[in-house]
Amino acid sequence: MMKRAKTYKSEAFAAIHETAVGMHEAGVIDKQTMRSFDHSCLTPIREFTPEEIRALREREEVSQAIFARYLNVTKDYVSKWERGEKKPAGPSLKLLSLIEKHGLEAIA
(Lines give C-alpha, C1' and ligand atoms only; values in the text may rest on other atoms or scores of the structure.)
Protein backbone atom coordinates (compact mmCIF):
# COMPACT_ATOMS: atom_id res chain seq x y z
CA MET A 1 0.00 0.00 0.00
CA MET A 2 1.35 3.43 -0.96
CA LYS A 3 1.45 6.07 1.79
CA ARG A 4 0.04 9.50 1.00
CA ALA A 5 2.43 12.37 1.51
CA LYS A 6 1.39 14.71 4.30
CA THR A 7 1.49 18.44 3.85
CA TYR A 8 2.47 20.40 6.93
CA LYS A 9 1.91 24.00 7.93
CA SER A 10 5.68 24.40 8.39
CA GLU A 11 8.88 22.42 8.86
CA ALA A 12 8.51 22.77 12.64
CA PHE A 13 5.02 21.27 12.48
CA ALA A 14 6.39 18.46 10.32
CA ALA A 15 8.97 17.59 12.98
CA ILE A 16 6.40 17.75 15.77
CA HIS A 17 3.95 15.57 13.85
CA GLU A 18 6.57 12.99 12.90
CA THR A 19 7.58 12.73 16.56
CA ALA A 20 3.93 12.27 17.56
CA VAL A 21 3.50 9.55 14.92
CA GLY A 22 6.48 7.70 16.38
CA MET A 23 5.06 8.04 19.88
CA HIS A 24 1.68 6.77 18.68
CA GLU A 25 3.29 3.77 16.98
CA ALA A 26 5.19 3.04 20.22
CA GLY A 27 1.91 3.18 22.17
CA VAL A 28 2.88 6.26 24.17
CA ILE A 29 0.00 8.41 22.89
CA ASP A 30 -3.52 7.28 22.04
CA LYS A 31 -5.52 7.63 18.82
CA GLN A 32 -7.49 10.64 20.07
CA THR A 33 -4.30 12.53 20.93
CA MET A 34 -2.87 11.62 17.51
CA ARG A 35 -5.96 13.10 15.83
CA SER A 36 -5.32 16.30 17.75
CA PHE A 37 -1.75 16.40 16.40
CA ASP A 38 -3.08 15.74 12.88
CA HIS A 39 -5.48 18.66 13.20
CA SER A 40 -2.83 21.00 14.60
CA CYS A 41 0.04 20.15 12.26
CA LEU A 42 -1.43 19.35 8.85
CA THR A 43 -2.49 21.94 6.29
CA PRO A 44 -6.25 22.45 6.68
CA ILE A 45 -8.59 21.86 3.75
CA ARG A 46 -11.66 23.97 3.15
CA GLU A 47 -14.29 24.49 0.47
CA PHE A 48 -13.69 27.22 -2.12
CA THR A 49 -16.35 29.35 -3.78
CA PRO A 50 -16.21 29.85 -7.55
CA GLU A 51 -15.12 33.46 -6.96
CA GLU A 52 -12.30 32.37 -4.64
CA ILE A 53 -11.00 29.86 -7.19
CA ARG A 54 -10.96 32.49 -9.94
CA ALA A 55 -9.31 35.04 -7.62
CA LEU A 56 -6.67 32.48 -6.61
CA ARG A 57 -5.89 31.70 -10.25
CA GLU A 58 -5.76 35.38 -11.15
CA ARG A 59 -3.54 36.12 -8.15
CA GLU A 60 -1.09 33.57 -9.51
CA GLU A 61 -1.38 35.19 -12.96
CA VAL A 62 -2.03 31.99 -14.92
CA SER A 63 -4.65 30.94 -17.45
CA GLN A 64 -7.26 28.28 -16.73
CA ALA A 65 -5.25 25.84 -18.85
CA ILE A 66 -2.02 26.39 -16.89
CA PHE A 67 -3.84 26.30 -13.54
CA ALA A 68 -5.45 23.02 -14.61
CA ARG A 69 -2.05 21.50 -15.43
CA TYR A 70 -0.75 22.31 -11.95
CA LEU A 71 -3.87 20.75 -10.39
CA ASN A 72 -3.77 17.72 -12.72
CA VAL A 73 -7.32 18.38 -13.98
CA THR A 74 -8.71 19.55 -17.31
CA LYS A 75 -9.21 23.21 -18.27
CA ASP A 76 -12.93 22.40 -18.46
CA TYR A 77 -12.92 21.43 -14.77
CA VAL A 78 -11.33 24.72 -13.76
CA SER A 79 -13.85 26.58 -15.90
CA LYS A 80 -16.76 24.67 -14.31
CA TRP A 81 -15.37 25.34 -10.81
CA GLU A 82 -15.15 29.05 -11.57
CA ARG A 83 -18.74 29.08 -12.89
CA GLY A 84 -20.04 27.05 -9.93
CA GLU A 85 -21.15 24.11 -12.10
CA LYS A 86 -18.85 21.70 -10.27
CA LYS A 87 -16.97 21.75 -6.97
CA PRO A 88 -13.39 20.64 -6.43
CA ALA A 89 -12.97 17.67 -4.08
CA GLY A 90 -10.31 15.48 -2.51
CA PRO A 91 -6.79 16.12 -3.77
CA SER A 92 -7.89 19.22 -5.71
CA LEU A 93 -9.09 20.87 -2.48
CA LYS A 94 -5.76 20.07 -0.81
CA LEU A 95 -3.84 21.57 -3.72
CA LEU A 96 -6.04 24.68 -3.75
CA SER A 97 -5.45 25.09 -0.01
CA LEU A 98 -1.69 24.84 -0.54
CA ILE A 99 -1.79 27.35 -3.41
CA GLU A 100 -3.84 29.74 -1.28
CA LYS A 101 -1.32 29.60 1.55
CA HIS A 102 2.02 29.23 -0.25
CA GLY A 103 1.43 30.12 -3.90
CA LEU A 104 1.54 28.02 -7.05
CA GLU A 105 5.24 27.29 -6.63
CA ALA A 106 4.35 25.16 -3.57
CA ILE A 107 2.93 22.45 -5.82
CA ALA A 108 5.28 22.90 -8.80
Note: among Ser97, Ser79, just one is modelled with pLDDT of 85 or more, among the hydroxyl-bearing types (Ser, Thr, Tyr) and more than 16 Å from the chain's Cα centre (by Cα), namely Ser79
Looking across region 58-73 at residues that are under 14 Å from Ala108 (Cα atoms) and not aromatic (Phe, Trp, Tyr), the single one that is surrounded by the fewest Cβ atoms within 10 Å (Cβ to Cβ) is Asn72
Within region 31-76, restricting to residues that are at pLDDT 95 or above and basic (Lys, Arg), the one that is farthest from Ala14 (Cα to Cα) is Lys75
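The values are calculated or read from the model by the stated rules, or taken from the named source; none is laboratory data. None of the values given here were measured: they were computed from a predicted structure. All Cβ positions, glycine included, derive from the backbone under ideal geometry; neighbour counts span all protein chains shown.
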